[in-house]
1. If we keep just the residues of region 265-281 that are surrounded by 12 or more Cβ atoms within 10 Å (Cβ to Cβ) and more than 18 Å from residue 238 (Cα to Cα), which is farthest from the chain's Cα centre (by Cα)?
2. Answer with yes or no whether residue 211 is surrounded by fewer than 18 Cβ atoms within 10 Å (Cβ to Cβ), within 26 Å of residue 126 (Cβ to Cβ) and within 19 Å of the chain's Cα centre (by Cα).
3. Would you mind stating whether residue 183 is within 19 Å of the chain's Cα centre (by Cα), in contact (Cβ under 8 Å) with a residue 40 or more places away in the chain and either more than 22 Å from residue 91 (Cα to Cα) or in a strand (DSSP E or B) (or both)?
4. Scan 108, 69, 95 and give me the residue that is touching a strand residue (DSSP E or B) at 6+ places or on another chain (Cβ under 7 Å), farther than 27 Å from residue 214 by Cα and at pLDDT 85 or above.
5. Can you confirm whether region 119-141 contains a residue that is in contact with a helix residue (DSSP H, G or I) (Cβ under 8 Å, 6 or more places away or on another chain), at pLDDT 95 or above and under 20 Å from residue 343 (Cβ atoms)?
6. Which of the residues spanning region 240-254 are under 22 Å from residue 164 (Cα atoms) and either surrounded by 13 or more Cβ atoms within 10 Å (Cβ to Cβ) or touching a strand residue (DSSP E or B) at 6+ places or on another chain (Cβ under 9 Å) (or both)?
7. Of the conditions (1) under 20 Å from residue 257 (Cα atoms); (2) touching a residue at least 24 places away in the same chain (Cβ under 8 Å); (3) part of a loop (DSSP other than H, G, I, E, B), residue 323 clears all except one; give me its number.
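The values are calculated or read from the model by the stated rules, or taken from the named source; none is laboratory data. In this text the structure is predicted, and so the values were computed from the model without any measurement. Don't worry about glycine lacking a Cβ; one is built from the backbone with ideal geometry, like all the others, and counts go over all protein chains shown.
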């Protein structure tokens, strides 16, 4: 990510949970509660049944990252979609059939240092697509390009998010210049469509249901804030949130709300902000250890990550009448303590 962003959050990063293969360093500060290391079970390699009582909490398909691999969860349970240990940040199509994710790659290349061509070990990331049911994985956006001079040009692509009509992919791209800009690509061909920022430090893209806006976390000014970026190139609109550090927003299916995480006093909780009127802000959790929320396809639930006793799990929560001033129902744990990747937001499709 951008150099300014790394400097601002260097202190925070030192106390965060260490993520598999250093993914957390690449995707920016993972704002989840610090905790002591806890032994985790064997990484699942086949279908894991949901914990008791969780079946009724899942309608549709949820993609999430677990210790360097992407998993897909449905009413039957959850199973790995990848097995390379280098995949993270899944997105999912609205119909729940296609999963997109970032995969870390490494090659031995070369670069210029002090006027000399020297060997270089290069790291980058590709955007990969795959059927949620498994099968062939396709590199949609390649983070490695070999120029005519023989040098390799690498780019980090993070947080792929597919548009509601499945025609475009929003990603943040870091080409090594110290910036992470928002770029749209064609979801079928992987060709670049349009860059929506230049010289910014952005993260966590999420589409509005009408496809006209992408919500992002901006670190361009140092302190994180939420921005709404129009896809037609107009100026971005900042959102005013309560005191703290807001990040990783996601739209409700009707576009009326954004769920996001607010880091405050070293703790993380889910909030929802109304997108019209007075922009009412509602605190959805108060445990200080919940983050990375996304709405269910029907808007009645939120899936999110929660840390307890040093282990991160995936949860779902029925919102009840919380958005109308009432209370949400108790959260239900969907995974069995295998250690979810805290910097990867889940994605929920039909």
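1. First pass over region 265-281, keeping only residues surrounded by 12 or more Cβ atoms within 10 Å (Cβ to Cβ): 267-275, 279-281.
Still in the running and more than 18 Å from residue 238 (Cα to Cα): 267-270.
Numbers: 267: 19, 268: 16, 269: 16, 270: 15 Å.
So, considering only residues that are surrounded by 12 or more Cβ atoms within 10 Å (Cβ to Cβ) and more than 18 Å from residue 238 (Cα to Cα), the one farthest from the chain's Cα centre (by Cα) is 267.
2. In short, yes.
3. Details: within 19 Å of the chain's Cα centre (by Cα): yes; in contact (Cβ under 8 Å) with a residue 40 or more places away in the chain: no; either more than 22 Å from residue 91 (Cα to Cα) or in a strand (DSSP E or B) (or both): yes.
Criteria not met by residue 183.
4. None of the others qualify; the one that does is 108.
5. Within region 119-141, the first condition is being in contact with a helix residue (DSSP H, G or I) (Cβ under 8 Å, 6 or more places away or on another chain), and the residues that meet it are 125.
Checking the rest, the ones that are also at pLDDT 95 or above come to 125.
Retained after the next criterion (residues that are under 20 Å from residue 343 (Cβ atoms)): 125.
Yes: region 119-141 contains one or more residues that are in contact with a helix residue (DSSP H, G or I) (Cβ under 8 Å, 6 or more places away or on another chain), at pLDDT 95 or above and under 20 Å from residue 343 (Cβ atoms).
6. Pass one, region 240-254, residues under 22 Å from residue 164 (Cα atoms): 247-254.
Result: 247, 248, 249, 250, 251, 252, 253.
7. (3)
Matching residues to (1) assigned to a helix (DSSP H, G or I); (2) over 26 Å from residue 286 (Cβ atoms); (3) at pLDDT below 90; (4) more than 19 Å from the chain's Cα centre (by Cα):
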| position | (1), (2), (3), (4) |
| --- | --- |
| 5 | yes, yes, yes, no |
| 15 | no, no, yes, yes |
| 30 | no, no, yes, no |
| 50 | no, no, no, yes |
| 62 | no, no, no, no |
| 73 | no, no, no, no |
